[in-house]
Amino acid sequence: MKLFVYHTSELTPSQILPDTAVVIDVLRATTTIATALDVGAEAVATFKSLESLMEVSENWPAQKRIRAGERGGAKVEGYDLGNSPLDCTTELMKDKRLFLSTTNGTKALQAVEQSSTVITAALINRGSVVKYLLKQNPETVWLIGSGWEGGYSLEDTVCGGAIAQSLLNNGTVPVTIGNDEVIAAVALYSQWQDNLLELMHQASHGQRLLGLGGQEDLKYCATLDIIETLPIQKSPGLLVKLASSSL
Ligand code: MLT
């Protein structure tokens, strides 16, 4: 397995695709996607634009859908939810399809949706991501941060580092380093692994969310390995929970 880290989707090569793309948006899209599927959502349909979300979700039974729209960290008016993973309760999500559009995360997903396998990662499900990659052992793996409007984000890179460190230390499957960003991400994770919440507080998007009252979101998103759910793309933009027998 050859491992690459890209800090944002804008920095990923545009002419080639990996065998497995791992999209990361710790604050908060991929944390929300994993949580929604974990509590029983039937699927999460992701959209770069709010317009296409509205258009596609119109064709889904109203009682079976939840529309979530976020821009700039805030809920978009007229949507059922914003992008807080803490809104994803079993009562709300069970057997529903979550239609989600966020500022950067759903855009990053769209950038690699043609890869043969697309999964999403966050700190909360890091262990399952590592387990899946070691079991599948794809030839090339890209860990792709969503960043913020084209720029680097600490929280996505630290999650890439958490995944990369576990893969590199696994001791059974040979894993090689594909680019310098892998080394930088592992170094970032090594420095902050015992203080991930403090890192979220220092991150620019963490500060934006704190300004919007997102203290509890940061706490949840900074927690490692609390759920086993692994979101996997079934068709472009549509994520479902990988059956636990496949992990
Ligand atoms: C994004 O896509 O940029 C984020 O998930 C923003 C957020 O809701 O915190």
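Taking every DSSP bridge with both residues inside the chain, close to 25 percent are antiparallel.
Note on Lys234: lysines with a C-alpha under 28 Å away, same-chain residues under 8 apart excluded, are Lys2, Lys48, Lys64, Lys75, Lys94, Lys96, Lys107, Lys131, Lys135.
Taking only the Cα atoms of segment 25-85, the ratio Rg/Rh comes out at 0.93, with Rh defined as the Kirkwood radius.
For segment 155-171, 3J(HN,Hα) computed residue by residue from phi via the Karplus equation (6.51, -1.76, 1.60; θ = phi - 60°) reads 5, 6, 5, 5, 5, x, x, 5, 5, 4, 4, 4, 5, 5, 9, 5, x Hz, glycine and proline entered as x. Across segment 138-153, computed HN-Hα scalar couplings (Karplus, 6.51 cos²θ - 1.76 cosθ + 1.60, θ = phi - 60°) run x, 5, 10, 10, 10, 9, 10, x, 8, x, 9, 6, x, x, 5, 10 Hz from first to last residue, x flagging Gly and Pro. With contributions of -39500 (n - 2.57) from each DSSP H run of at least four residues, the per-residue ellipticity at 222 nm computed over the chain stands at -10500 deg cm²/dmol. A prolate overall shape is assigned to the chain, the ratio a/c of its alpha-carbon gyration tensor axes (a ≥ b ≥ c) being 1.5 or greater and a/b exceeding b/c. Tell me whether segment 98-195 comes out rounded, prolate or oblate; compute the Cα gyration tensor, take square roots of the eigenvalues as a ≥ b ≥ c, and use a/c under 1.5 as the rounded threshold. Verdict is oblate for segment 98-195. For segment 118-247, the convex hull drawn through the C-alpha positions has a volume of 126 cubic angstrom per residue. At the listed q of 0.14, 0.15 Å⁻¹, the Debye profile of segment 7-126, built from one uniform point per Cα, gives log10 I(q)/I(0) equal to -0.56, -0.64.
Computed about its Cα centre, the charge dipole of segment 88-131 is approximately 80 debye, with only Lys, Arg, Asp and Glu carrying charge at their Cβ.
Loop-located GluC sites (Glu not before Pro) in segment 120-211 (DSSP state other than H, G, I, E, B) with a sparse environment of at most 14 neighbouring Cβ atoms within 10 Å: Glu139, Glu149.
Since every read-out is calculated from the coordinates, none of them should be taken as a lab result. Predicted, not measured: the structure shown is a model, and the values here were computed from it. No Cβ is skipped: glycine too gets one built from the backbone with ideal geometry, and neighbour counts run over all protein chains shown.
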